[in-house]
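K.L.:
Pasting in a structure now, in structure tokens, and then I'll have a few things to ask.
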Amino acid sequence: MMTPEQRVAGLPPEMVQRVYAIAQAMQSGQMDAAERVAIATLAKAPRHPELLRLVGMLQEYRGRSEQAVDTLLLARAQRPDDPMIYNSLGSAYGSLKDYKRARDALRRACELGPELTVCWFNYARRLLMDGDSEAAIEPLQRVLALQPTHPNARAMLANLLRADGETINAAAEFRRIIADNPATAGQAWWGLATLKPMPLNDTDIEIMRGVLQDDTAKDNDRIYIGFALAVALEAKEDFAGAFSTMQSAHAIAARTETYVAQRHADNVRVIVEAFTPPPQSAIPAQGEEVIFIVSLPRSGSTLTEQILASHSQVEGGTELPDLSQVIMDECDRVRQTYHQWVKTHSPQQWHALGQEYLRRTQRWRERRPRFTDKSPGNWQHVGAILAMLPNARVVVCRRDPLETCLACYRYIFVRHPFTHDLNDLASHWHTFDRTVRQWKQLYPDRIREQVYEDLVADPETQIRELLEFCNL
């Protein structure tokens, strides 16, 4: 590992102090001051790798990710074996949504700096964001070997253990985080609440109540602890107390995640209208490789994916960000809103977008020829899916509307602001229901509705029909 002195080697003493001042200002969040000193210093040492690295980090912070990559590549050219440059490059590539280069850069950072906790953690986080949870376990274990008290790494590892069914080991990891400081362990409390069997006890309830009564806990921790406490109270059949606690947690979350139901409904309506009638699909047709599973949360999409992923030809891809990213990138490229360019794109342009989606998801076909993409919000983009990938299969998972809305309300979601209010949930469900019915009218033979209650009641018949629809 390079020492601070080695990082600034080659600079005169007064410049060394400036570089230290830039790094210190960045660590304390004083980005304006850091940038002023960095610009002045860079004019005198335009090719020093450490200074270039810091400038690249500042550029990314300011949202100038393309400049950041250029600056960091110049730094790498000066010091090609510096793991921290690759670490910063990985972050910059991620901001540009170039996830393959981001992974490659972060993996290289770990190879060059195996003793650096930050490199292993950022690599693990990138893998998790890409949906590659199995591959993330080893780098998380490396983080904890280097820094056993790293709370975020321990929480991530605990969640992965929970997902793998290792309940006892997951609970032990969550308990270790809570033992360090119950008031800052919101996600660990929630992790315990989601285990089966749920292990929270009377002592835990009193500790959580004490944290929530203390105003020093941060809002994010208060949200997660509130939901965990609600689950524990519900298990004790204190339903009024559970509901009241849940309402308070939702109220905190709603302050940071705004949602206007009518605006969302209008936006979705405009998208569906843009695909009515459907545009001419990609030529030549493509998309046999992917099965899209779309739904509202808590509607059986995970069960449906598990069934499909148990087939020898299908890899479970979980919730992938690639479709929405392809759409957003195209909006940026043509400088038009989504519903505008939908009406004018040619079959060749739709084909190119489908090719980009398949390129981005190539890793999910390394072991098996087909894969699932179960990002729930893709129900809004069925028209784009079938224009880009005419041979794809779209499975819409449904569940009883009351059960769906209640299940969403009882669960803490990130980036689902409609779940914080029961009226918003009802409106969102109606928008989903209306939109799916419209997609079915437009594409009657290319969408299957998978009803959760029917699947549970008659799995043999439902699974056979599902497999037949997917050509499996």
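K.L.:
Kindly indicate the residue of the stretch 127-137 that is surrounded by 14 or more Cβ atoms within 10 Å (Cβ to Cβ) and not in a loop (DSSP other than H, G, I, E, B) and also nearest to the chain's Cα centre (by Cα) among those meeting that condition.
P.N.:
Taking the stretch 127-137 and keeping what is surrounded by 14 or more Cβ atoms within 10 Å (Cβ to Cβ), we get 127-133, 135-137.
Okay, now just the ones that are also not in a loop (DSSP other than H, G, I, E, B), so 127-129, 133, 135-137.
Working: Leu127: 10, Leu128: 8, Met129: 5, Ser133: 12, Ala135: 16, Ala136: 14, Ile137: 17 Å.
Here the residue is Met129.
K.L.:
May I pose another question? Select from the stretch 257-297 the residues that are over 26 Å from Leu358 (Cβ atoms) and touching a Pro at 6+ places or on another chain (Cβ under 9 Å) and list them in ascending order.
P.N.:
Glu257, Thr258, Tyr259, Leu296, Pro297
K.L.:
Let me ask something additional. Quick check: is even one residue across the stretch 380-400 modelled with pLDDT of 95 or more, more than 23 Å from the chain's Cα centre (by Cα), closer than 30 Å to Glu234 by Cβ and not β-branched (Val, Ile, Thr)?
P.N.:
Yes: the stretch 380-400 contains one or more residues that are modelled with pLDDT of 95 or more, more than 23 Å from the chain's Cα centre (by Cα), closer than 30 Å to Glu234 by Cβ and not β-branched (Val, Ile, Thr).
K.L.:
If Ala193 satisfies every condition in (1) over 24 Å from the mean Cα position of the chain (by Cα); (2) within 29 Å of Asn378 (Cα to Cα); (3) at pLDDT 95 or above but one, which is the exception?
P.N.:
Here Ala193 clears every test but (1).
K.L.:
Among the residues of the stretch 145-159, which ones are in a helix (DSSP H, G or I) and open to solvent by 20 Å² or more (accessible area, probe 1.4 Å)?
P.N.:
At the first step, the residues of the stretch 145-159 found to be in a helix (DSSP H, G or I) are 145-146, 151-159.
Of everything in the stretch 145-159, those that are in a helix (DSSP H, G or I) and open to solvent by 20 Å² or more (accessible area, probe 1.4 Å) turn out to be Ala145, Leu146, Pro151, Asn152, Arg154, Met156, Asn159.
K.L.:
Pull up the stretch 343-365, narrow it to residues that are in contact with a helix residue (DSSP H, G or I) (Cβ under 6 Å, 6 or more places away or on another chain) and modelled with pLDDT of 95 or more, then point me to the one that is most open to solvent (accessible area, probe 1.4 Å).
P.N.:
Glu356
K.L.:
Follow-up question, since we're still on this one. Report, by residue number, each residue of the stretch 427-456 that is of a type in the set (A, V, I, L, M), touching a Phe, Trp or Tyr at 6+ places or on another chain (Cβ under 9 Å) and surrounded by 18 or more Cβ atoms within 10 Å (Cβ to Cβ).
P.N.:
Pass one, the stretch 427-456, residues of a type in the set (A, V, I, L, M): 436, 442, 447, 451, 455-456.
Pick out the ones that are also touching a Phe, Trp or Tyr at 6+ places or on another chain (Cβ under 9 Å) and you get 436, 442, 447.
Selection gives Val436, Ile447.
K.L.:
Which pairs do you get when a residue that is under 15 Å from Glu111 (Cα atoms), found in the stretch 133-146, comes within reach of a residue that is among the hydroxyl-bearing types (Ser, Thr, Tyr) and surrounded by 17 or more Cβ atoms within 10 Å (Cβ to Cβ), reach meaning Cβ atoms under 6 angstrom, with the pair 6+ apart or on two chains?
P.N.:
These pairs meet every condition: Pro139/Tyr123.
K.L.:
Keeping to the stretch 187-243, report how many residues are charged (D, E, K, R), assigned to a helix (DSSP H, G or I) and open to solvent by 80 Å² or more (accessible area, probe 1.4 Å).
P.N.:
Going residue by residue through the stretch 187-243, those that are charged (D, E, K, R) are 196, 202, 204, 206, 209, 214-215, 218-219, 221-222, 234, 236-238.
With the extra rule that they be assigned to a helix (DSSP H, G or I), the set shrinks to 202, 204, 206, 209, 219, 221-222, 234.
Remaining after also requiring open to solvent by 80 Å² or more (accessible area, probe 1.4 Å): 202, 206, 209.
Number satisfying all stated conditions: 3.
K.L.:
Among the residues of the stretch 399-426, how many are crowded, with 19+ Cβ neighbours inside 10 Å and either more than 22 Å from Thr245 (Cβ to Cβ) or touching a Lys or Arg at 6+ places or on another chain (Cβ under 7 Å) (or both)?
P.N.:
Residues meeting the conditions: 3.
Table: residues versus (1) within 15 Å of Leu425 (Cβ to Cβ); (2) charged (D, E, K, R).
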position	(1), (2)
Ala232	no, no
Lys236	no, yes
Ser244	no, no
Gln247	yes, no
Ala261	yes, no
Ala265	yes, no
Val268	no, no
Pro277	no, no
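Residue-wise test of (1) outside any helix (DSSP H, G or I); (2) among the β-branched types (Val, Ile, Thr); (3) in contact (Cβ under 8 Å) with a residue 60 or more places away in the chain.
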| site | (1), (2), (3) |
| --- | --- |
| Ala253 | no, no, yes |
| Pro279 | yes, no, yes |
| Phe292 | yes, no, yes |
| Glu330 | no, no, no |
| Arg333 | no, no, no |
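The values are calculated or read from the model by the stated rules, or taken from the named source; none is laboratory data. From a predicted model like this one, the values you see are computed outputs, not experimental measurements. Here the Cβ is made from the backbone with ideal geometry for all residues, glycine too, and neighbour counts use every protein chain on show. Remember, those area values only see protein heavy atoms, side chains included, never the ligands or the DNA or RNA. Shrake-Rupley method; radii C 1.70, N 1.55, O 1.52, S 1.80 Å.
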